[in-house]
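See structure below.
The values are calculated or read from the model by the stated rules, or taken from the named source; none is laboratory data. Keep in mind it's a predicted model, so treat the numbers as computed, not measured. With ideal geometry, Cβ positions are generated from the backbone for all residues, glycine too; neighbour counts draw on all protein chains shown.
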Amino acid sequence: MDNFPDLYTDYLISSSSYTTATGMASLLSIQHDKITRELSTGNYDSKFLWKQAKPYVQEMTQSMDTIVLSFDDSIQEKQYTDESAVNCWHYDHVSGRSVKGVNFLTALVEVGGMRLPCGVEFIKKDMWTIDPKTGREKRKSRVTKNELFRKMLRECHGKFLFDYVLVDSWFSSMANMKCCKKELNTDFVMALKSNRKVALSLEDKENKKYIRIETLQPGQQTVEVWFEELDFPLLLAKQVFKNENDTVGELYLACSDLNVSYDQITTIYKKRWGVEEFHKSIKSNTGFAKSPTKTIKTQTNHYVLSIVAYIKLEFLKQRTKKNHFAMKAQIYLAAQQAAYAELQKLSTLRVA
């Protein structure tokens with residue numbers, strides 16, 4: 001079925017409940033077996049995702065606007081799905097506990113208000129190890145998320161141009177900084193944990209005089225700093241903001257571009273929020289977690305196709321000037337109206 005990805009993604013967008021092969025077959029008058037066969041044998045992976053995004057990304061990246069490439073991982077809980085190398089236990093830094101589900105890493109390119117996923121990798125805990133604290137067996141991934149990040153970054157660098165790489169503190173390792181700046185000659189803005197140590201000059205670095213960045217009070221300006229493991233300086237910016245509960249939060253940002261201002265750094269990094277909105281949209285609008293698939297192959301195929309469905313919504317957003325949730329609400333309302341009309345028709349049928 002050559003047009004299966006197109007049919008399946010349209011079905012995901014139009015559906016407001018669980019997405020099943022039976023439901024799709026009934027809606028589109030397709031044989032149920034054809035749908036399950038495609039999900040079981042199709043190769044819908046990061047390469048397939050790139051093929052769908054490529055024409056849009058190549059057009060977007062011709063823009064003179066700043067092009068950013070954001071990376072972030074997310075966990076979709078799947079508590080009642082059988083455990084496997086993909087659907088297993090992961091530590092969730094948001095909730096501060098381990099949850100059972102799928103953990104995936106996405107690369108998202110943004111320019112001119114349009115955001116498109118250009119790569120995705122699933123964290124596969126495909127080996128067993130002994131936990132030194134408990135003495136129990138636990139799953140472990142052969143490839144770390146930071147290694148996946150560098151792999152995806154190199155792939156993106158070979159496909160299109162971008163100005164900055166944006167990541168949170170989980171991915172702000174020295175190896176990742178070196179990969180961006182030294183290997184790929186690409187600038188970055190990375191969040192840092194407050195306990196990171198820096199030198200305030202090259203002389204201090206040579207004399208091993210390092211201080212914790214939380215002791216700095218630079219105000220709304222940048223400070224040039226040196227890390228022990230890096231042979232190039234960075235600009236450090238400290239952003240102070242109020243949380244919803246009236247507490248004060250602090251965000252430390254390291255930028256490899258020495259020719260930007262404090263305001264430019266904070267404005268650029270703010271674009272990283274787009275990847276959070278991407279995660280929210282695929283979970284709410286394209287049925288990412290709403291398929292009762294059983295095997296790793298069918299699960300990951302469904303996940304990737306739900307991300308492809310996001311690309312469709314993003315393209316429609318540019319045409320309709322409506323966000324994903326507004327379009328989804330419009331589709332749901334139309335479905336309700338059709339159901340109501342059908343009920344009225346049934347109610348007026350005469351009993352023989």
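Data table
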{"read-out": "Count of residues meeting criterion [surrounded by 15 or more Cβ atoms within 10 Å (Cβ to Cβ) and either under 8 Å from the mean Cα position of the chain (by Cα) or closer than 14 Å to V68 by Cβ (or both)] in the range 96-113", "value": "8"}
{"read-out": "Residue among I268, I296 that alone is at pLDDT 95 or above and of a type in the set (V, I, T)", "value": "I268"}
{"read-out": "Scope the range 222-237; condition in contact with a strand residue (DSSP E or B) (Cβ under 8 Å, 6 or more places away or on another chain), closer than 22 Å to Y269 by Cα and surrounded by fewer than 17 Cβ atoms within 10 Å (Cβ to Cβ); matching residues", "value": "E224"}
{"read-out": "Any hit, the range 48-68, residues being touching a strand residue (DSSP E or B) at 6+ places or on another chain (Cβ under 6 Å) and in a strand (DSSP E or B)", "value": "yes"}
{"read-out": "Residue within the range 140-151 that is within 19 Å of K47 (Cα to Cα), in contact (Cβ under 8 Å) with a residue 60 or more places away in the chain, part of a helix (DSSP H, G or I) and in contact with a Phe, Trp or Tyr (Cβ under 9 Å, 6 or more places away or on another chain) present", "value": "yes"}
{"read-out": "Subset tally (residues that are hydroxyl-bearing (S, T, Y) and either free of Cβ contacts under 8 Å to residues at least 40 places away in the same chain or closer than 16 Å to F104 by Cα (or both)) for the range 287-318", "value": "5"}
{"read-out": "Given (1) buried (at least 17 other Cβ atoms within 10 Å of the Cβ); (2) touching a strand residue (DSSP E or B) at 6+ places or on another chain (Cβ under 7 Å), index of the condition L251 fails", "value": "(1)"}
{"read-out": "Residue that is surrounded by the most Cβ atoms within 10 Å (Cβ to Cβ) [pool: residues in the range 277-286 that are in a helix (DSSP H, G or I) and touching a residue at least 24 places away in the same chain (Cβ under 8 Å)]", "value": "I282"}
{"read-out": "Residue count for the range 315-333, restricted to those that are of a type outside the set (A, V, I, L, M), assigned to a helix (DSSP H, G or I) and over 14 Å from S284 (Cβ atoms)", "value": "6"}
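Every residue, every condition in (1) under 25 Å from K290 (Cβ atoms); (2) in contact with a Ser or Thr (Cβ under 6 Å, 6 or more places away or on another chain); (3) aromatic (F, W, Y), yes or no:
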{"position": "E77", "(1), (2), (3)": "yes, no, no"}
{"position": "N87", "(1), (2), (3)": "yes, yes, no"}
{"position": "Y91", "(1), (2), (3)": "yes, yes, yes"}
{"position": "K151", "(1), (2), (3)": "no, no, no"}
